[in-house]
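Single-structure report; data block below.
The values are calculated or read from the model by the stated rules, or taken from the named source; none is laboratory data. Since we're looking at a predicted model, the values are computed, not measured. No Cβ is skipped: glycine too gets one built from the backbone with ideal geometry, and neighbour counts run over all protein chains shown.
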Amino acid sequence: MPGYVRDDLPEEEVERQRDLYGPFTQSIRELVDAGLRTLVADEEVLAVQAEVEALTARLRAKQLEGAYGVRFSAEGRGRPWGNTVVGLRNAVAPPLTIEHHPDRDGRVWSDFHLGAVYEGPPGLVHGGVSALVLDQLLGESAGAGGKPGMTATLTLTYKRGTPLGALRGEAWIERAESYKTWARGHLIGPEGVTVEAEGLFVLPRWAREALAKQDPEKAPPRYFE
């Protein structure tokens, strides 16, 4: 399973890393936003640039090779911390915290904020960012309903501009057959639904083969915590 790593960390260590890297990554998000909107003098910009380059060099001293992937604790809980929508350690991610319906009917939702760094048209969320968020929500819905999969198709209807700021996303399963799941969802702004989405999610062949063998070490991972 490329990109899936069983590091078997105990939960105490997972929580320690969460407490360490969560605030660290948030500080980088704040830096990106500050860099976008700063109006300080040119000399200050150059001074900060030098400091940022020095900090980057310090962090480059020891790094993973390639992407973060999804890592699994000793209890089998997945850590998609590199994910570009929900990743704890990805400063590109807003990040979203996605809630799941307790009855596991596949319904999920998230209340989140998209600031200036996600702008497309002036004052509005970039359409590609809306697609990114909805792809994640629909995919989590499919997984929450018991049939995880990868995006096969994703169709969006943009009803109106999505304003930057506080937003809500919702998704649910429309139907499922074998290893395929059809999900729907939308984004909601202050004036109502802004974008609607529908998608097909397919359990990949390697995961289906692993299920057929009933090998717990190769079975489709519990991607999200």
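Which condition number does residue 152 fail, the rest of (1) free of Cβ contacts under 8 Å to residues at least 40 places away in the same chain; (2) out of contact with any Pro (no Cβ under 6 Å at 6 or more places or on another chain) being met?
(1)
Matching residues to (1) charged (D, E, K, R); (2) under 30 Å from residue 168 (Cβ atoms); (3) under 23 Å from the mean Cα position of the chain (by Cα); (4) surrounded by 14 or more Cβ atoms within 10 Å (Cβ to Cβ):
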position	(1), (2), (3), (4)
17	no, yes, yes, yes
23	no, yes, yes, no
41	no, no, no, no
60	yes, no, no, no
66	no, no, yes, no
71	yes, yes, yes, yes
78	no, yes, yes, yes
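Quick one: count up the residues across region 100-128 that are among the acidic types (Asp, Glu) and modelled with pLDDT of 95 or more.
Start the filter on region 100-128 by keeping residues that are among the acidic types (Asp, Glu), which leaves 103, 105, 111, 119.
Checking which are modelled with pLDDT of 95 or more leaves us with 111, 119.
Residues meeting the conditions: 2.
Taking the conditions exactly as written (touching an Asp or Glu at 6+ places or on another chain (Cβ under 6 Å) and not assigned by TED's automatic domain parsing to the domain that holds residue 14), does residue 162 satisfy them or not? Please lay out each step first, then the result.
Numbers: touching an Asp or Glu at 6+ places or on another chain (Cβ under 6 Å): no; not assigned by TED's automatic domain parsing to the domain that holds residue 14: yes.
No; evaluated as a whole, the condition is false for this residue.
Looking for something without any contact (Cβ under 8 Å) to a residue 12 or more places away in the chain, among the charged types (D, E, K, R), out of contact with any helix residue (DSSP H, G or I) (no Cβ under 7 Å at 6 or more places or on another chain) and closer than 26 Å to residue 189 by Cβ - is there at least one such residue anywhere in region 7-29?
No, region 7-29 contains no residue that is without any contact (Cβ under 8 Å) to a residue 12 or more places away in the chain, among the charged types (D, E, K, R), out of contact with any helix residue (DSSP H, G or I) (no Cβ under 7 Å at 6 or more places or on another chain) and closer than 26 Å to residue 189 by Cβ.
Quick one: which residue in 9, 55, 36 is part of a loop (DSSP other than H, G, I, E, B), surrounded by 11 or more Cβ atoms within 10 Å (Cβ to Cβ) and either on the phi > 0 side of the Ramachandran plot or not basic (Lys, Arg) (or both)?
On the way: 55 fails: part of a loop (DSSP other than H, G, I, E, B); 36 fails: part of a loop (DSSP other than H, G, I, E, B).
None of the other options fit; the residue is 9.
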